[in-house]
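Peer 1: First, the structure itself, so that you have it in front of you.
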Ligand code: F0G
């Protein structure tokens, strides 16, 4: 979005698109929402979409598609092998990233499975700025470990630092030396670092980190799932980048890495996944895993219609008018909440606004899942679905004890170009009400706890009857129908 200045109105983000297809929304009465959250085991992943007013669970696979993406789907070339749709995608990725080899997969975690299966051996240590849930689960599944070396400032909830996703360069080199390069199958940098609030990594930091890896002969991997937000922040926040085009910055970033993978449920605004590989031998060493786990090498488990759509989506990701929408809406929401005194991660990143549950409901101990409880409160009071990104999203230690998350966050994702500014205002308003009544919120405990990725399917219950009391107070304020 360009910075359009207003005559009388205070500055607000101005959409550079218009809405041409809409989906009707339901806002159930509070009493029904209370029942639905009970039925879902106090786990927002288990809610039905039709019971949700504003679905801010994720931006994965739910971004609005453009007319050009939709129309590209019509020319999809269905073939088990040799689809033209695939070759169009490969060509576009080669053009944008300058990397020759491409392996398709059905989504981002499938790429992570391929990379972990190929590179990680028991006892290996994969170094990262910060983990993502599925990336870590695949590495530990094959016996590896994860070392997270985001700079300390990345975990400070309120700040004005522009690149809180940066990796600590001194710790990176020390860790490679301590582990020995042979025990580090790759270093993974995650653009737009998801679990610490969608915080970007600077080009300068990526360059210095990959230089260290090269010096020690360690493979470099970029998780580019949130690259479009990171590119926006590089262009707007990083010195020397303002005059470069997004396309130029993309190429500068790509040139640093041996392997780039992404979830095309995020990057490309469609649904799929891709691994890009610079070196031919490396490519050959992974090639056979694609038909084994995903599908033939020219679709990798993706629908060819999606492949056509994402190819247009990659090109659209080079347009500042398009990639600025997410960060600008997130920035607007974060500023309004911060002005209200609601604890929120600052500065706003990409992906979504992140409430800091450790300050919002700081009296709830981490083992009673404060962020999980706050997510339930948001659904009861407003029909908004967010996602817990804290201790509930971690896995237990080998001895069964809780592994406490470094941050207890509630993510309110902004799928791109989906919500309007008035819906954003509603979210801000309801979050403020909940903050002013936060003492009514209590903790949660597991009734059924899966071992791996427990946040997806776990069943919980409230400690005490706080959801009923919270719903009562909400109804007293807003009436029975909202
Ligand atoms: N890497 C990052 C940085 C992600 O954010 C995700 C997914 C993945 C990998 C895995 O990709 O979902 O296509 O298998 N993030 C989603 C989210 C699930 O809600 O943040 P996937």
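None of the figures in this text is laboratory data; all of them are computed from the coordinates on show. Keep in mind it's a predicted model, so treat the numbers as computed, not measured. So basically every Cβ, Gly included, is an ideal-geometry build from the backbone, and we count neighbours across all protein chains shown.
Peer 1: Looking at the P(r) of region 196-317, how many percent of alpha-carbon pairs lie beyond 23 Å? Mind showing how you got there, number by number?
Peer 2: Details: 2769 of 7381 pairs.
Percentage above 23 Å: 38.
Peer 1: Grab the beta carbon distance between residue 215 and residue 401, set R0 = 45 Å, and tell me the FRET efficiency rounded to 0.05.
Peer 2: Values: r = 38 Å, r/R0 = 0.84.
The formula returns an efficiency of 0.75 here.
Peer 1: To test your reading of the geometry: what angle, between 0 and 90 degrees and rounded to tens, separates the Cα axis of helix 325-339 from the longest principal axis of the chain?
Peer 2: 40
Peer 1: Convert 20 °C to kelvin, take the viscosity as 1.002 mPa s, use the Kirkwood radius over C-alpha pairs of region 49-187 as Rh, and evaluate the Stokes-Einstein diffusion coefficient in µm²/s, rounded to a whole number. Working shown, then result.
Peer 2: Working: Rh = 18.7 Å.
The estimated diffusion coefficient comes to 115 µm²/s.
Peer 1: In addition: Hey, how much of the P(r) for region 334-387 falls beyond 12 Å, as a percent of Cα pairs? Provide the component values of the computation, followed by the final result.
Peer 2: Values: 946 of 1431 pairs.
Here the tail beyond 12 Å accounts for 66 percent of pairs.
Peer 1: Between region 139-184 and region 429-449, what's the alpha-carbon centroid distance in Å?
Peer 2: 32
Peer 1: Take 238, 439, 248, 388 and order them by how many other Cβ atoms sit within 10 Å, fewest up front.
Peer 2: Numbers: 238 18, 439 9, 248 13, 388 26.
Going from sparsest to densest Cβ surroundings: 439, 248, 238, 388.
Peer 1: Oh, and also: Just rank 375, 62, fewest to most, by other beta-carbon atoms within 10 angstrom.
Peer 2: Working: 375 30, 62 17.
Ranking 375, 62 by Cβ neighbours within 10 Å, fewest first, gives 62, 375.
Peer 1: Just want to confirm a number: the relative contact order over the chain, from Cα pairs under 8 angstrom separated by 6+ residues, in percent. Mind showing how you got there, number by number?
Peer 2: Values: 1023 pairs, mean separation 109.1, N = 482.
Normalised by residue count, the contact order of the chain is 23 percent.
Peer 1: Dividing the Cα radius of gyration by the Kirkwood radius, what Rg/Rh value follows for region 385-482?
Peer 2: Working: Rg = 16.3 Å, Rh = 16.0 Å.
Across region 385-482, the Cα-based Rg/Rh ratio is 1.02.
Peer 1: Which distance in Å, rounded to a whole number, links the C-alpha centroids of region 208-231 and region 3-80?
Peer 2: 31
Peer 1: So for region 181-267: antiparallel DSSP bridges make up what percent, rounded to the nearest 5? Each step should come with its number before you reach the end.
Peer 2: Numbers: 1 of 8 bridges.
DSSP beta bridges in region 181-267 are roughly 10 percent antiparallel.
Peer 1: While we're here: Give the separation of the Cα centroids, region 100-130 to region 258-306, in Å.
Peer 2: Value for the Cα centre distance between the two parts: 11 Å.
Peer 1: Here is a follow-up. Relative to the first principal axis of the alpha-carbon coordinates of the chain, what is the inclination of helix 203-215, with its axis defined by its Cα atoms, in degrees from 0 to 90 and to the nearest 10?
Peer 2: With rounding to tens, the tilt is 50 degrees.
Peer 1: Moving on to the next point. Does anything in region 308-345 have its amide N under 16 Å from the 7 Å Cα→Cβ label point of residue 436, and if so which residues?
Peer 2: Taking a point 7 Å out along Cα→Cβ of residue 436, the residues of region 308-345 whose backbone N falls under 16 Å are 337-343.
Peer 1: Work out Dmax and Rg for region 439-482 from the C-alpha atoms and quote the Rg first, both in angstrom.
Peer 2: 14.0, 41
Peer 1: Same structure, new question: Can you sort 429, 338 from fewest to most other Cβ atoms within 10 Å of each residue's own Cβ? Show your work: numbers first, answer last.
Peer 2: On the way: 429 13, 338 17.
Fewest-to-most Cβ neighbours within 10 Å comes out as 429, 338.
Peer 1: For residue 445 paired with residue 244, estimate the spin-label separation in nm (one decimal), with each label point 7 Å from Cα along the Cα-to-Cβ line.
Peer 2: Those two pseudo-labels are separated by 5.3 nm.
Peer 1: Could you run the Debye sum over the Cα atoms of the chain, one equal point scatterer each and no solvent, and tell me log10 of I(q)/I(0) at q = 0.09, 0.10 Å⁻¹, two decimals?
Peer 2: -0.60, -0.75
Peer 1: Taking the chain as the reference, fit the longest principal axis to its C-alpha atoms, fit the long axis of helix 304-316 to the helix C-alpha atoms, and give the angle between the two in degrees, 0 to 90, nearest 10.
Peer 2: Taking Cα atoms only, the helix is inclined about 90 degrees.
Peer 1: Quick check on the chain: helices-only [θ] at 222 nm, where DSSP H runs of length 4 and up contribute -39,500 (n - 2.57) each and the sum goes over total residues. Nearest 500, please.
Peer 2: Working: 19 runs with 189 residues, N = 482.
One gets -11500 deg cm²/dmol as the mean residue ellipticity at 222 nm.
Peer 1: Taking the Cβ-Cβ separation of residue 472 and residue 19 as r and a Förster radius of 41 Å, what is the calculated FRET efficiency to the nearest 0.05? Intermediate values should be presented prior to the final figure.
Peer 2: Details: r = 37 Å, r/R0 = 0.89.
Calculated transfer efficiency: 0.65.
Peer 1: Please identify which residues in region 113-157 have an amide N closer than 12 Å to a label point set 7 Å out from the Cα of residue 292, following the Cα→Cβ vector.
Peer 2: 114-119
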